[in-house]
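Written below as structure tokens is the structure these notes are about.
The values are calculated or read from the model by the stated rules, or taken from the named source; none is laboratory data. No experiment lies behind these values; they were computed from the predicted model shown. Positions of Cβ are generated from backbone atoms using ideal geometry, with glycine treated the same way; all protein chains shown enter the neighbour counts. We work out accessible area using only protein heavy atoms, side chains counted, and drop any ligands, DNA or RNA first. Shrake-Rupley method; radii C 1.70, N 1.55, O 1.52, S 1.80 Å.
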Amino acid sequence: MHLYLVRHAESANNHLYATTGSSAGRHPDPPLTERGHQQAQAVARYLAARPDNAPLNPYARRHNRGGFDLTHLYCSLMVRAVTTAGYIAEATGLPLHAWPAIHERGGLHDEAPETGEAVFVAGPGRAFFETTYPHLILPDTLDEAGWWNRGRETPEEYLPRAQSVLAELLARHGDSDDRVALVTHGGFFQSFMEAMITAHLPATPAAGRRPWWFGASNASITYIEFLDGHANVRYVNKVEHLSDDLLSG
């Protein structure tokens, strides 16, 4: 499996945090900004491109100099990810499958203006997605109760969820030559990378935070090749498809 982790493009909340340094007025399920739409279009064009190059050596292919040739495309059910992935699906011609479990850390929630405490927000149900995103292939389990119907996810739940996604990815695509893109989120990206690394270590610390962080800019791409029991991180946070004025996050 060739796995590409694509962070959603710039959302209204990303812009809010970057310009004010505060979460006051955040949206529980923010749309993309205008710059975010431009970023999403740029990453879609980049992933769909088929350069007419001479035969490439293996090292050049690892950097996708000959194109990505994606075979599978998944996204979370958060609006910013669905919108970003929609551009990719249109550019590549791939079917777009929703994968609720690759949502951002915490799930959907708002913040009480007086206390800053998390406030429950229900996720949209099947009818919303069928009407708003008719191209999106939904899981059979999604009904009108909504994809998010519980309180805020706790930090203790982050890593186990990422581990379950990794296990499911390997079960679906394993050591195949499938070229899979997940359009997901910055926080989940951190958890997934931790799950992948700890899964390939002989032992892990019993407790405590890991002393590392993987940068993932808006609309960036990270490529991991799973082969013969090894996870090869080929590159992280690729943004060469974005012009300077489109960089954020």
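Residues that are among the aromatic types (Phe, Trp, Tyr), open to solvent by 50 Å² or more (accessible area, probe 1.4 Å) and over 30 Å from GLU90 (Cα atoms) within the range 116-170 comprise just one, PHE120. Just one of (1) of a type outside the set (Phe, Trp, Tyr); (2) outside any loop (DSSP other than H, G, I, E, B); (3) on the phi > 0 side of the Ramachandran plot trips up VAL43, so point out which. Condition not satisfied by VAL43: (3). Restricting to the range 9-40, count the residues that are part of a helix (DSSP H, G or I), small (Gly, Ala, Ser), over 21 Å from LEU73 (Cα atoms) and open to solvent by less than 60 Å² (accessible area, probe 1.4 Å). Adding up the residues that qualify gives 1.
Which of the residues that make up the range 50-67 are open to solvent by less than 40 Å² (accessible area, probe 1.4 Å) and under 27 Å from VAL82 (Cα atoms)? Steps first, answer last, please.
Here is the first cut: in the range 50-67, the residues open to solvent by less than 40 Å² (accessible area, probe 1.4 Å) are 60, 64, 66-67.
Hits for the range 50-67 are ASN64, GLY66, GLY67.
Out of PRO113, PRO95, one residue alone is open to solvent by 20 Å² or more (accessible area, probe 1.4 Å) and at pLDDT 95 or above. It is PRO95. Return yes when VAL6 is aliphatic (A, V, I, L, M) and not in a helix (DSSP H, G or I) and no when it is not. For VAL6, the condition - aliphatic (A, V, I, L, M) and not in a helix (DSSP H, G or I) - is met.
List pairs: first in the range 227-241 and farther than 15 Å from ALA216 by Cβ, second among the small types (Gly, Ala, Ser) and loosely packed, with under 15 Cβ neighbours inside 10 Å, Cβ under 8 Å, 6+ apart or cross-chain? Note: pairs meeting the criteria are ALA231/ALA199. When ARG65, ARG50, ARG26, ARG105 are screened for being over 19 Å from PRO139 (Cβ atoms), in contact with a strand residue (DSSP E or B) (Cβ under 7 Å, 6 or more places away or on another chain) and charged (D, E, K, R), only ARG26 passes.
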